[in-house]
Amino acid sequence: MATTTSPRSARDVPGPPDRRTGRERPVGGAELWWWLFMRISGLVLLFLALGHLVVMHLMGTGAERINFGFVAVRWRSPFWRTWDWMLLMLALVHGINGLRTITLDYVTRAGWRFAITMFFVLVGFVLLVLGTVVVVTFDPSKWPGAV
């Protein structure tokens, strides 16, 4: 029996996806916004973390001065509370989204992928609420000897 098509070469046969090439940039929808968030939050986190490192560990006498009293005095300023809260929140959401991305890349079953993602979202939300409560409600005047 004669065929009119040429046999397929090994190059034409689709193989398993190459995980080393990474994910492509999303074209639209929520994935595009999460992709943009990761890039922008990474830059902001770099600025916030380096600022934190310089102020807390390199200025003055270094890390030896950091204790509860130091933080209580520092958190009297709304600027430093906002700085620390932004560092905490951005790092948390950035990390949870990174875990979500890893889950999307490596967990193949849709049910497991959803369950793992929801677990990360739940843990992230609880930590977000706890961190916000601590930063907002912290009152150094209620801690004797701190100031």
Summed residue charge, Cβ within 15 Å of Leu53's Cβ, Lys/Arg positive, Asp/Glu negative: +1
So, with a 1.4 angstrom probe, what is the percent of accessible area on the range 97-147 that is carbon and sulfur? 77
Report, as a whole number in µm² per second, the diffusion coefficient that Stokes-Einstein gives for the range 96-147 at 4 °C and 1.567 mPa s using the Kirkwood radius over alpha carbon pairs. 97
Roughly how many Å² of Phe120 are accessible to a 1.4 Å probe, to the nearest 10? 40
Cβ-defined net charge surrounding Thr132, 12 Å radius [Lys, Arg +1; Asp, Glu -1]: 0
Heavy-atom accessible surface of the range 27-84: percent carbon and sulfur, 1.4 Å: 78
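The values are calculated or read from the model by the stated rules, or taken from the named source; none is laboratory data. If you're wondering where the values come from, they're calculated on a predicted model, not measured in any experiment. Please note: Cβ atoms are built from the backbone with ideal geometry, for glycine as well, and neighbour counts cover all protein chains shown. Please note that ligands, DNA and RNA were not included when accessible areas were found on the heavy atoms of the full protein model with its side chains. Shrake-Rupley method; radii C 1.70, N 1.55, O 1.52, S 1.80 Å.
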